[in-house]
Amino acid sequence: MMMNRRNFLAAMLAGSVAAPFASRILAEEAVPVDPNHLVLLSDTHCAPGLKHQLDFMRKSISEIVAMNPRPGHVLIYGDFAFLYGKLEDYKLLKELVAPLDAAGIPWTTCMGNHDRRENFTEVFPEHAEKSLMKDRLVFRVETENVDFLMLDSLIEPPETTRWITPGEILDDQRDFLNETLKASTKPVIVGAHHDLNETKIADILKANDCVAGYINGHHHYWTTYEKDGVNALILPSNGHWGDIGIVNATLSPKEASFKLFMRDYLLLNKGPDFEPNPERFKRVEAKQGAVWRLDL
């Protein structure tokens with residue numbers, strides 16, 4: 001009789017010296033996955049030598065891995081790297097997200113104005129090769145009830161120490177977006193790092209009935225808004241400045257619900273150990289548990 005992996009490991013447990021190792025693997029395999037639960041992060045801004053940005057990133061990753069059931073996917077809406085998208089930033093990020101990989105939790109990130117495609121691709125080639133466009137990093141994350149289309153709004157300046165650039169969706173990506181949406185057979189939530197005022201794609205989204213809404217990062221403050229009839233959400237920063245937190249998405253056949261878990265509120269890129277002030281705690285309390293809903 002052929003023995004599958006689980007039976008093989010169980011046999012090891014029966015009296016082998018490898019029992020502790022097999023027990024750990026079986027415990028990990030026993031953690032269920034909820035494909036209708038996604039975790040959304042944005043503006044992680046990680047680089048060697050930083051403090052609170054890395055502390056918050058490690059905290060988020062460890063909490064995600066500890067979820068039971070585990071989420072079906074983690075979506076990161078740009079500014080993955082700190083300021084200039086340096087190669088060493090992405091090498092560090094590879095270590096930071098390693099627990100997700102080890103737990104079998106897939107993750108996808110789009111490019112922000114602090115990122116660099118070439119450096120990201122060098123460190124994460126297995127992610128870059130999934131891009132739906134050749135010269136941009138564009139991804140589609142499919143779930144049972146709705147798909148998430150993550151666009152590339154990064155306009156890279158030639159200077160590698162410059163990052164203040166507008167976010168745009170150029171003509172070739174606009175054409176791709178329009179064709180993709182017209183061919184979609186289920187609801188789609190479109191997103192990018194930059195908001196609809198910069199990407200200027202609200203006309204395309206409004207013209208396609210499959211579009212349920214739009215998600216972006218960049219501004220670091222949990223905010224809902226509407227642009228030309230398109231419902232949109234701005235995500236908090238995972239740990240840089242502004243609203244600090246993560247968002248849990250719950251998907252059903254009729255609704256996508258996004259709930260904010262707010263950790264902190266940081267001003268002027270100061271760490272969480274700075275002098276407390278009433279505004280900081282009042283803001284966390286006011287926004288904690290905020291929910292954004294989309295009809296599907």
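Here, each number is a calculation from the coordinates, and none is a lab measurement. Keep in mind it's a predicted model, so treat the numbers as computed, not measured. When we count neighbours, we look across all protein chains shown, and the Cβ atoms used for this are built from the backbone with ideal geometry, even at glycine.
Brief remarks follow.
- Projecting label points 7 angstrom from Cα along Cα→Cβ for residue 31 and residue 88 puts them 3.1 nm apart.
- The dipole here belongs to segment 70-177: it is taken about the Cα centre, uses +1 on the Cβ of Lys and Arg and -1 on the Cβ of Asp and Glu, and is about 220 debye.
- Matching label, Kirkwood radius over Cα pairs in Å computed from the structure shown, candidates (1) 19.1; (2) 22.0; (3) 20.1: (3)
- The chain - mean residue ellipticity at 222 nm from DSSP helices (-39,500 (n - 2.57) per run, n ≥ 4, rounded to 500): -8500 deg cm²/dmol
- Gap separating the Cα centres of segment 259-294 and segment 52-68, nearest whole Å: 17 Å
- The overall shape of segment 197-296, judged from the alpha-carbon gyration tensor, is prolate: a/c is not under 1.5, and a/b is greater than b/c.
- Put a dot 7 Å past the Cα of residue 279, heading toward its Cβ, do the same for residue 140, and the two dots end up 4.4 nm apart.
- Alpha carbon centroid spacing (whole Å) that separates segment 80-114 from segment 199-247: 21 Å
- The long axis of helix 87-96 is offset from the longest Cα principal axis of the chain by roughly 50 degrees.
- Set of lysines with alpha-carbon distance to residue 130 below 26 Å, sequence-local pairs under 8 removed: 86, 91, 94, 182, 186, 200
- Amide H contacts of residue 215: 190, 191, 192, 233, each under 5 Å away and 5 or more positions distant or on a separate chain (H built 1.01 Å from N in the peptide plane; Pro and chain starts excluded).
- Taking Lys and Arg as +1 and Asp and Glu as -1, the other residues whose beta-carbon sits under 11 Å from that of residue 274 total -1.
- Gain on full extension, evaluated as 0.36 nm per residue between residue 197 and residue 51 minus their Cα-Cα distance, stands at 49.3 nm.
- Across segment 33-295, C-alpha contacts under 8 Å between residues 6 or more apart give a mean separation that, scaled by the residue count, equals a relative contact order of 18 percent.
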